[in-house]
């Protein structure tokens, strides 16, 4: 993008070849008239405030999206005035029924309010005034509207964008000098970008209006009975009767303006052809002569009441014969604020709790596992991994296994069904490539359920964090919930979880992270009773540490490897982590036993980072990175890698068995020392005490190059592994077992002795 240095405006090309007419440009500039000192603009996704006036032509053509503040400042005289007011409602685009409900909520408050769709897929509520009024008075009216909206839509109202906003006439520089401040306060993105985006709605919220239809609606905003007809195109809903009432109204109140009548008829979907046939349209106009003003007052009122569906609407009276115009001396003051500025107190809540009785034991239900130890209904599983580790590939494999009812990493899927996979950092084509690889991985499988995907092409924000600390679930959240229920979704995958929120969010803030994950995402899984998989990037903390002296792989850091606040790990019930094999671990442990031709880059570790509802696996599940060649529609070959169970799992199993056997042999060699530590009164000894007794027997005890700490660690590991519960070590009439004493103040690692006759009952 180049810059025109002379005019200081970006050189842009039109996006959609839309060329507004001179009349449209002039009308737009007349209606949306505000700050003459600056404008907002969005260029290549970057939002800036420029010291330029509104360029209606570029906005209407779609070349340069712009925004405007209603405040028009007179810096010299230190006065400000506004021609309109506006509120921002961050609901997300709603259903037709919800839009109509919004309009019905607004009409009794002020039938001159107009609804526009916004850039952020919400709604902007405007009121256009008949002239400029002092900004402070207009802001009072705007705040009254804000409070009225808050009563119904609560946190969806963005109070920071209630306009006109506060402003200042001068600012102080660092050296203390005061200079004029041309800023006119916050601004909102303007409607009718490229004439077709961010459109206005009809008075009743049920139709989108073209820009020309909106202009007509704007001109008739004081004539509510006519304004309600603009855009009313639905057939067989009494359109001819509505138009008949409009004809009579125009005869008595608007100087028998036939051209206006034709414009209204055209906005209702009647074609010009109707004017030359002598049909119903012409007759509606001609038959008005048969009735007086009172007749049309009553008739039009009845039609209006039917259209807005508010039978008790009090602003329009059947017998009100006065022309519905706004007086020029209209003043906005406290008396004009018809809404109580104080919000009602919250209704009293009664705290209850359910008494537990022994009878409830007979009603206990099994956990709703989808994949044992991995996924559960009404629960969130977090999948951790650094960028490029293969999270999305693993998720794609899971989704594919789900809809084909195939095992996933060797585990059965107990409750398969439809899947919704939202990959916010991948295109739909990229996920399709992964599914094509899955087809090669599982040849011949029969599809049994549906898979719905959404990629980077369609942004999804489920939660918005306000600068004032408020948190709201967006309209998209409600829409997703409805989609899940309508499509009978069993599994929802959101990758990565950090992408599905907007606003003033700090991922390192524990309170905000908990509100986001627990209060919104997990709440969604609970309400919909689905499995939820949330992908998350990791911090720079390593998840694998190999201790060669003890031949142990430490994976304890996995749970704390998630990027951002620790409350993520607290909110999740199940956490799985994947991380590439380290070069050090490969060279020192696996290179000699892996398949020929393999390298350390060919393996990824899957780790049980957290497991609240099943036994945590202390061992790593090694996955192989397997490439697949995918032939594309344009006759090219793309390579896609998937993660599958590797041969290292069997190697580890054999290695563990061999290691266990060696450690049992170590116990056999030293069993007399162990037995001697027990007597009839002593049924428990500490591991450390046995280590101290065996330390002088270590083969390298006299080797000064080996530290005492290293030898102690080696002995301790051999004892704990040789006496673990799997080995079931016995000698004479007793069983010896290593245990971890959670309640001990120190020396938590202990060895306990049990008589074989009583087994787990210590004497």
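The values are calculated or read from the model by the stated rules, or taken from the named source; none is laboratory data. Quick caveat, the model's predicted, so the values are computed rather than measured. Here the Cβ is made from the backbone with ideal geometry for all residues, glycine too, and neighbour counts use every protein chain on show.
For residues that are part of a helix (DSSP H, G or I) and modelled with pLDDT of 70 or more, scanning just region 264-285, find the one that is farthest from residue 210 (Cα to Cα).
Result: 285.
As an exercise: evaluate residue 505 against (1) farther than 30 Å from residue 404 by Cβ; (2) under 13 Å from the mean Cα position of the chain (by Cα); (3) part of a helix (DSSP H, G or I) and give the number of the one condition it does not meet.
(3)
Would you mention how many residues in region 21-37 are farther than 14 Å from residue 164 by Cα and touching a residue at least 60 places away in the same chain (Cβ under 8 Å)?
Total satisfying the criteria: 5.
What pairs come up if the first residue lies in region 343-356 and is outside the structural domain of residue 157 (by TED's automatic domain parsing) and under 30 Å from residue 147 (Cα atoms), the second is surrounded by 10 or more Cβ atoms within 10 Å (Cβ to Cβ) and at pLDDT 70 or above, and their beta carbons are under 9 Å apart, counting only those six or more places apart or on different chains?
So the pair list comes out as 343/147; 343/150; 343/151; 344/151.
For region 121-141: of the residues being surrounded by fewer than 20 Cβ atoms within 10 Å (Cβ to Cβ) and within 24 Å of residue 91 (Cβ to Cβ), which is nearest to the chain's Cα centre (by Cα)?
121
Which residue out of 155, 163 is closer than 30 Å to residue 459 by Cβ, in contact with a strand residue (DSSP E or B) (Cβ under 7 Å, 6 or more places away or on another chain) and modelled with pLDDT of 90 or more? Give the derivation first.
Numbers: 155 fails: modelled with pLDDT of 90 or more.
Testing whether each residue is closer than 30 Å to residue 459 by Cβ, in contact with a strand residue (DSSP E or B) (Cβ under 7 Å, 6 or more places away or on another chain) and modelled with pLDDT of 90 or more leaves just 163.
Looking at region 586-601, can you tell me whether even one residue there is modelled with pLDDT under 90 and within 32 Å of the chain's Cα centre (by Cα)?
For region 586-601, residues modelled with pLDDT under 90 and within 32 Å of the chain's Cα centre (by Cα): absent.
Pick from 639, 672: which is surrounded by fewer than 17 Cβ atoms within 10 Å (Cβ to Cβ), modelled with pLDDT of 90 or more and in the same structural domain as residue 731 (by TED's automatic domain parsing)?
Every option except 672 fails the conditions.
Please go through region 374-388 and pick out each residue that is surrounded by fewer than 23 Cβ atoms within 10 Å (Cβ to Cβ) and part of a loop (DSSP other than H, G, I, E, B).
374, 377, 378, 386, 387, 388
Among (1) modelled with pLDDT under 90; (2) surrounded by fewer than 16 Cβ atoms within 10 Å (Cβ to Cβ); (3) in contact with a helix residue (DSSP H, G or I) (Cβ under 6 Å, 6 or more places away or on another chain), which single condition is residue 445 missing?
Of the numbered conditions (1) modelled with pLDDT under 90; (2) surrounded by fewer than 16 Cβ atoms within 10 Å (Cβ to Cβ); (3) in contact with a helix residue (DSSP H, G or I) (Cβ under 6 Å, 6 or more places away or on another chain), the odd one out for residue 445 is (1).
For residues that are touching a helix residue (DSSP H, G or I) at 6+ places or on another chain (Cβ under 6 Å) and under 11 Å from residue 450 (Cα atoms), scanning just region 401-420, find the one that is surrounded by the fewest Cβ atoms within 10 Å (Cβ to Cβ).
The residue in question is 416.
Restricting the first residue to region 743-759 and requiring it to be closer than 14 Å to residue 686 by Cα, which pairs with a second residue that is exposed (fewer than 12 other Cβ atoms within 10 Å of the Cβ) and at pLDDT below 90 meet a Cβ separation below 6 Å and a spacing of at least six or different chains?
748/740
Return the residue satisfying two criteria in turn: it lies in region 467-498 and is part of a loop (DSSP other than H, G, I, E, B) and under 14 Å from the mean Cα position of the chain (by Cα), and of such residues it is farthest from residue 415 (Cα to Cα).
The selected residue is 474.
With respect to residue 452, determine if the residue is without any contact (Cβ under 8 Å) to a residue 60 or more places away in the chain, closer than 23 Å to residue 526 by Cβ and part of a strand (DSSP E or B).
When the stated conditions are applied, residue 452 passes them.
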